[in-house]
Amino acid sequence: MQRLLTFASALLVTIWAGSLWTVCLIAAPAAFATLPERRLAGLVVSRLFNVETWLGVVAAALLIAVLAARKHLPKALIAIILLTAATPLISQLIVVPMMDQARAANDMAQFGRLHGVSAVLFFTACLSALALVWKVNQPSTSQPAK
């Protein structure tokens, strides 16, 4: 059972981090590079970030559950999981509505600043996902090495 839980945690982290990096580093830039209108690219990318945000929330909850079942849930690992899930969630729930208001008011300077904040939040999530991949795949110190 322990082996299955170890595999499940590694698989969850791989899917989560991989999807986050794919959306942030490949799909979003590709949409802006290939779609004919920036507004259309923005709509597509916004939808991708929305899906990625909620995928991260579900992945975080599942990962915490699996790691708790493995009895491998140090505080540092919880902090990294929460950071990886919370930064996109903050962007989605707080920054994106403010961006929508700025766009509606045609305040593109404010929109640009908020877009930068959102980018920093997702970049933080990408970096913390890297730390998460590293931490989850470290051998547990409470178990003897094989």
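Side notes on the structure shown:
- For His72, the conditions (1) within 19 Å of Ala131 (Cα to Cα); (2) assigned to a helix (DSSP H, G or I); (3) modelled with pLDDT under 95 all hold with the exception of (2).
- Contacts under 6 angstrom Cβ, first residue in segment 36-64 being free of Cβ contacts under 8 Å to residues at least 12 places away in the same chain, partner of a type outside the set (Phe, Trp, Tyr) and not in a helix (DSSP H, G or I), 6 or more apart: Ala41/Leu35
- Residue in segment 77-87 that is without any contact (Cβ under 8 Å) to a residue 60 or more places away in the chain, touching a helix residue (DSSP H, G or I) at 6+ places or on another chain (Cβ under 7 Å), over 30 Å from Met1 (Cα atoms) and assigned to a helix (DSSP H, G or I) present: yes
- Restricting Pro29, Pro74 to residues that are free of Cβ contacts under 8 Å to residues at least 24 places away in the same chain and over 18 Å from the mean Cα position of the chain (by Cα) narrows the list to Pro74.
The values are calculated or read from the model by the stated rules, or taken from the named source; none is laboratory data. Just so it is clear, the structure is predicted and the values come from calculations on it, not from any experiment. Because the Cβ atoms are built from the backbone with ideal geometry, glycine has one as well, and the counts that use them run over all protein chains shown.
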